[in-house]
1. Helix 72-89 versus the longest principal axis of the chain: what angle, 0 to 90°, nearest 10, using Cα atoms?
2. Bin by bin, in steps of 10 Å, what percent of the Cα pairs in the chain do you find, going until the bin that has the longest distance?
3. In whole angstrom, and with the biggest value first, how far do the Cα coordinates of the range 132-172 range along each principal axis?
4. Could you check which residue among 246, 326, 105 shows the biggest mean-square fluctuation in a GNM of the chain with a 10 Å Cα cutoff?
5. Can you sort 56, 302, 290 from fewest to most other Cβ atoms within 10 Å of each residue's own Cβ?
6. For the range 286-353, what's the relative contact order in percent, using C-alpha pairs closer than 8 Å and at least 6 residues apart?
7. Below 8 Å, C-alpha to C-alpha, sequence gap of six or more: please give me the relative contact order for the range 120-232 in percent.
8. Hey, in the GNM for the chain with a 10 angstrom Cα cutoff, which one of 316, 42, 163 fluctuates hardest?
Ligand SMILES: [Zn+2]
């Protein structure tokens, strides 16, 4: 495993300072409707050494989950994976693509979600619908399937691809815990000794016409490592808070923050009428919340005919026929379901090209 970029080391943190100085949230400035409901909001709790990110996905996630028409528990899990992808990639400073993907032996055998540094998100999963229905039928009424029942045993991999960088950062964690959020919390604790709290909610919310739309909301908080010697907390904009926290105070800061985080309800996290900054203030105002520039998120796909042409060019001429259906090669993108068709003339041109 390559050590760079790490998601939590203090060295890494130096490179993830938001560009702006940020501003401390004040009660008088609340109540403004969010213009960007698909976005990540970076924040810092000034009275502690805790940084965080809040995410909301509305039209971006609704578009992806409706297009795929997965069974409801599968759609919800992909929504969680996409929300985690948005939160984790926003902790990193990189130019390229951040990917979270799973492989496992359960009804949902693979999931992929990725996000570019420009904030474009997408995702898909592979589900054995019969195996999933059989598993769901075995549950008690009202019982929600666990992560283990949905995915079985397997792993979750994080990858950062940066064009021009030969090194690909990758980390792998076992798919364990009650939820994907818990799986990630355990990963941070074990691999980086960074206390992290992750809260993710995904659900369908009815609009005024009764039409249902997928919504995702999430918050991640991290207790930044205590830099040996100095206890002063460095703010993300480079200033210090002046707060000197000893080990016991750090523990108290952390447990208080986790209690505040767990007090956040599903309704609050998914309610687009409650602006993100208002919710952060409601949860953490006693710690003084400093917010930084928001990163807007968009749904989109990067597949192209040209990319598929390079794949077709790698197929030996003698094997081309076995990929054809009615004389054509049909290739569809798993992310966006768009289908590309290549007839014999197209294939001849691809083969002849340099
Ligand atoms: Zn596509």
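Values quoted throughout were computed directly from the atomic coordinates according to the rules given, and no laboratory measurement underlies them. Owing to the predicted nature of the structure, the values given are computational and were not obtained by experimental measurement. We place every Cβ from the backbone using ideal geometry, glycine too, and count neighbours over all the protein chains shown.
1. 60 degrees
2. Reading upward from the zero bin: 5, 22, 30, 24, 12, 5, 2, 0.
3. 52, 16, 14
4. For the chain, modelled as a Gaussian network with Cα springs under 10 Å, the answer is 326.
5. Least to most surrounded, the residues fall as 302, 290, 56.
6. Value for the range 286-353: 26 percent.
7. With pairs under 8 Å counted, the relative contact order is 15 percent.
8. 316
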